[in-house]
Amino acid sequence: MAQALNRALRDALAADPDVHLLGEDIGTLGGVFRVTDGLAAEFGPERCADTPLAEAGILGAATGMAMYGLRPVVEMQFDAFGYPAFEQLVSHVAKMRNRTRGALPLPLTVRVPYGGGIGGVEHHGDSSEAYYMATPGLHVVTPATVADAYGLLRQAIATDDPVVFLEPKRLYWSRDDTVELPATVEPFGRAVLRREGADATLVTYGPAVPVCLAAADAAREAGWDLGVLDLRTLVPFDDATVCAEVRRTGRAVVVHEASGFAGPGAEIAARVTERCFHHLAAPVLRVTGHDIPYPPPMLERHHLPDVDRVLSAVARLQWEDQV
Amino acid sequence: MTIVEQPAATRALLPEPEPHRVLGTGAAPDARLWPELYRLLVRGRRLNEQATALTRQGRLAVYPSSTGQEACQIAAALALEPRDWLFPSYRDTLAVITRGVPPAAALGLLRGDWHTGYDPREHRVAPLCTPLATQLPHATGLAHAARLRGDDVVALALVGDGGTSEGDFHEALNFAAVWRAPVVFLVQNNRYAISVPLAAQTAAPSLAHKAVGYGMPGRLVDGNDAPAVLTVLREAVAHARSGGGPTLVEALTYRIDAHTNADDATRYRPPEEVAAWRERDPLTLLARDLRAHGLLTDETERAARADADTLAAALRAALNTDPALDPLDLFAHVYATPTPQLREQRDAR
C-alpha cells in the first residue's frame, strides 16, 4: 500500500505544479514509512519539503499556501503527532470556505498514518477519526486496499476541500499483485461491498477491513454467510449503500479500531437504526477498541478487534428469534 | 560580571535600543504624506467611535476598538501594495477598511450576519482572525507560496502582545525565517491582553528581541507615531520584497478603550495610566508637528472631520438596515458540494 500511496503522490506532483508536499522527514528520508520515497529527488526539495518540526506550523503554513492557490499535501508523521495541528484544522482548515461564503476554498490534504497493530510505542497507535468526523467542513477518508490507497489519495488531492486522509499503518506493507497502477479514481462517498453475504453485514473501514474479511471466512464454519462493507469515506457517509445492504441482511455489526464510546460506530449504528428499523432482526452491534488510552505494544492484541470478537458479536445477533 | 560582546551578525538582528520616532524629533515633514496620514487617523478615530456607538444600539454584536492604535492600523494598510496580503486579527478592522474593504463589509464578523463580510481574494485581506496568532502561519505560508510561484508579493500579519505567547506565533516566525518568506509581523503591543499586563506575558527585554532567536531582524517603533510606524513597516516590506526574508516589528502603543464594549478596563488598570497615554494620542502627536510646520490649519482640520463624519454616517446607514438572512446559507458553503447528510438536513427545514 505504501507504494501505491507513493505512486499517487508522484502522479499528482507530475500532473499539477500547484501540488506541494510538506512534512517532517518526508524529503531526504522519504518519510518514516517511506511513503514519499524518491519524491524530493524527482521533484526537488521545494515540492517535497522537509519542514521544521512543528505540526501546527506545517498545517498553518499549508493553509496560507492553499489560500494563495496551491494544493498542499501535508504529512502528520503519526496520528498522535497531528494533535498540535488540531486548532489549525478545526478553526481554520475546516471553516475557511464556510466563513468566506465560498470565496476562499482550501484544497488541501492532510495525510495521517493511523491505528495500531504494528507494535508501536505510546502515541503511535491512535485511531483519531472520530475527532475529524465530528468537524464539519472536512472530508475523512481511509483506504483498506492497495487500489483505494491510490484512487482515494488522488481524489483527495483533486478535491477542492480539505481532506483528512487516514492511512492504516498496519496495511502499509499489504500487497495486491492484481492491482495495476494507476488505479481507478472515483468520487468520495461510495462504500464498496468487499464480500457478499446473506446473513449479516459487517460495516467497517480501514485497518479493520482485513479483520472482517478473515472473520467472514471463519464464519463459514459456523454456518454464517457474512457480507463485508468497506465504507472508504467516513465523510461524506454513504447512507444509501449501507442501508441497502443492511436492509437486505437484516443484521449489522460495525467494526473499527477506535474506541467505541462516542466513536464512529455509535453514529453508524444510530443512522442504520433510524433508517432501517423495520428491516432489522437484531440491534446493530459494535466491535471496537476498548474505551482506554491506546495500550502498550505487548498488550495491543487485547485491544484491537479480532476475528474472535467479531464472531462473538455475530453470535449475539439474536439468531434464535429466526427459528 | 563579564560582558560578552555579541557577534556582529547577532547585533544586526537586535532592535533599536529606543523605539524609532519621527514626530517631535525635528525631522522634516513629508508635506504630501503627513496631512494624508492625519486625514486617515481622524477618519479611523471616528470609525472607532462610530462602531462603539453601534454596539450600544445593538447593531454590532461586539466591537474590539483600536482607539489609540490608529497609527499602527493606518500604517499597516499603507505599507502594502495592492498585490500584497494583509492578515488581520479581530482588533484590526480599521487596517482592513484602510486597505479598501468597505466599512460595513469589514464589520461583518462583528455585526454577525456572516463570519467574513468581504471576499478575501478580491481585497487580498484574510478573514479577521479571532483565535490568537493562528493567522500568522497563514501569512508565512501565503508569502512562501508567492515566492515559490515567483510572484512579487509580501504578506503583513498583525498580532497583539498577548498573541506573542501563543505557539502559533513561534511556529510562524520560525517557518518564515527558515524559508526566508517575504512576510512582516507587526506586533501592536498595547500593553494588555484583555486584562493581563505585558509583565505577566513575557520576560523578554522587548517583544522585538524575540526576532533574534529566529534569525530575523527585530524593529522597535513608537506605535503612536504614524510616520515612524509607516517608515519602519515600509522598510520591512521592502526588505521582504527584495528577498531579505521576514522582519518582526514591535510597535509600542496603548489600547485606550476596554478590550471590547463588554469589558470593564477599570478593574485592571489605573485611570492615571490611561490619562498619560491620552497625552500621547497618535492624532495629537501628528497634529502638533503638522501645525508647527503650517501643514494643518483649522480649515483642513474641519475638512478632515467632515470627511470622517460622512464616512461614519454612511456606516451608520449601512448598519441600521437589517441584513438579508437566509437560513439555507448555513448549508451552502460547508463544502464545494454539500454532502448527502447536509442536503438531507437542509431539505428537512
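The values are calculated or read from the model by the stated rules, or taken from the named source; none is laboratory data. Because the structure is a prediction, the values reported are computed rather than measured. Here Cβ is always computed from backbone atoms with ideal geometry, including for glycine, and neighbour counts include all displayed protein chains.
Using the structure shown, decide if A:ASP230 is in contact (Cβ under 8 Å) with a residue 12 or more places away in the chain, touching an Asp or Glu at 6+ places or on another chain (Cβ under 6 Å) and either basic (Lys, Arg) or within 18 Å of A:ARG194 (Cβ to Cβ) (or both).
For A:ASP230, the condition - in contact (Cβ under 8 Å) with a residue 12 or more places away in the chain, touching an Asp or Glu at 6+ places or on another chain (Cβ under 6 Å) and either basic (Lys, Arg) or within 18 Å of A:ARG194 (Cβ to Cβ) (or both) - is not met.
Collect the residues in the stretch A:296-314 that are under 15 Å from A:GLY260 (Cβ atoms), surrounded by 15 or more Cβ atoms within 10 Å (Cβ to Cβ) and of a type outside the set (D, E, K, R), keeping them in residue-number order.
A:HIS303, A:LEU304, A:PRO305, A:VAL310, A:ALA313
Any chance the stretch A:233-251 includes a residue that's outside any strand (DSSP E or B), touching a Lys or Arg at 6+ places or on another chain (Cβ under 6 Å) and more than 14 Å from chain B (Cβ to nearest Cβ)?
Scanning the stretch A:233-251 turns up no residue that is outside any strand (DSSP E or B), touching a Lys or Arg at 6+ places or on another chain (Cβ under 6 Å) and more than 14 Å from chain B (Cβ to nearest Cβ).
For the stretch B:142-154: of the residues being farther than 24 Å from B:TRP114 by Cβ and crowded, with 24+ Cβ neighbours inside 10 Å, which is nearest to the other protein chains (Cβ to nearest Cβ)?
In this case the residue turns out to be B:ALA145.
Please tell me if B:THR93 is surrounded by fewer than 24 Cβ atoms within 10 Å (Cβ to Cβ), polar (S, T, N, Q) and more than 14 Å from chain A (Cβ to nearest Cβ).
no
Pairs, please: C-beta under 6 Å, at least 6 apart or cross-chain, first residue farther than 15 Å from B:VAL62 by Cα and in the stretch B:109-121, second buried (at least 17 other Cβ atoms within 10 Å of the Cβ) and of a type in the set (S, T, N, Q)?
Pairs found: B:PRO120/A:THR100.
Hey, does the stretch B:288-310 have a residue that's surrounded by 14 or more Cβ atoms within 10 Å (Cβ to Cβ), in contact with a Lys or Arg (Cβ under 6 Å, 6 or more places away or on another chain) and closer than 30 Å to B:ALA27 by Cβ?
For the stretch B:288-310, residues surrounded by 14 or more Cβ atoms within 10 Å (Cβ to Cβ), in contact with a Lys or Arg (Cβ under 6 Å, 6 or more places away or on another chain) and closer than 30 Å to B:ALA27 by Cβ: present.
I'd like the residue in the stretch A:79-102 that is crowded, with 21+ Cβ neighbours inside 10 Å and farther than 25 Å from B:HIS115 by Cα and, out of all such residues, is nearest to the other protein chains (Cβ to nearest Cβ).
By that ranking, first place goes to A:GLY82.
Every residue in the stretch A:149-178 that is among the polar types (S, T, N, Q) and farther than 22 Å from A:GLY125 by Cβ, please.
Those that are among the polar types (S, T, N, Q) and farther than 22 Å from A:GLY125 by Cβ: A:GLN155, A:THR159, A:THR178.
Cβ-Cβ under 8 Å, sequence separation 6+ or interchain: first residue in the stretch A:197-214 and in the same structural domain as A:ALA149 (by TED's automatic domain parsing), partner assigned to a helix (DSSP H, G or I) and among the charged types (D, E, K, R). Which pairs?
none
Looking at B:ARG255, is it part of a helix (DSSP H, G or I), out of contact with any Asp or Glu (no Cβ under 8 Å at 6 or more places or on another chain), under 25 Å from B:ARG46 (Cβ atoms) and basic (Lys, Arg)?
No: the conditions fail for B:ARG255.
Is there a residue in the stretch B:178-185 that is modelled with pLDDT of 95 or more, over 30 Å from B:PRO270 (Cα atoms) and facing chain A (nearest Cβ under 7 Å)?
Yes: one or more hits.
Which count do you get for residues in the stretch A:283-323 that are among the aromatic types (Phe, Trp, Tyr) and at pLDDT below 95?
Residues that pass the stated criteria total 1.
State all residues of the stretch B:87-116 that are β-branched (Val, Ile, Thr) and under 10 Å from the mean Cα position of the chain (by Cα); if no residue qualifies, say none.
B:THR93, B:VAL96
Restricting the search to the stretch A:259-282, which residues are surrounded by 20 or more Cβ atoms within 10 Å (Cβ to Cβ) and either touching a Gly at 6+ places or on another chain (Cβ under 6 Å) or at pLDDT below 95 (or both)?
If the condition is that a residue be surrounded by 20 or more Cβ atoms within 10 Å (Cβ to Cβ) and either touching a Gly at 6+ places or on another chain (Cβ under 6 Å) or at pLDDT below 95 (or both), then A:SER259 is the only one that fits.
I need every pair where a residue in the stretch B:29-58 that is over 24 Å from B:ALA228 (Cβ atoms) has its Cβ under 9 Å from the Cβ of a residue that is among the acidic types (Asp, Glu), sequence separation at least 6 or different chains.
If the second residue must be among the acidic types (Asp, Glu), the pairs left are B:THR52/B:ASP257.
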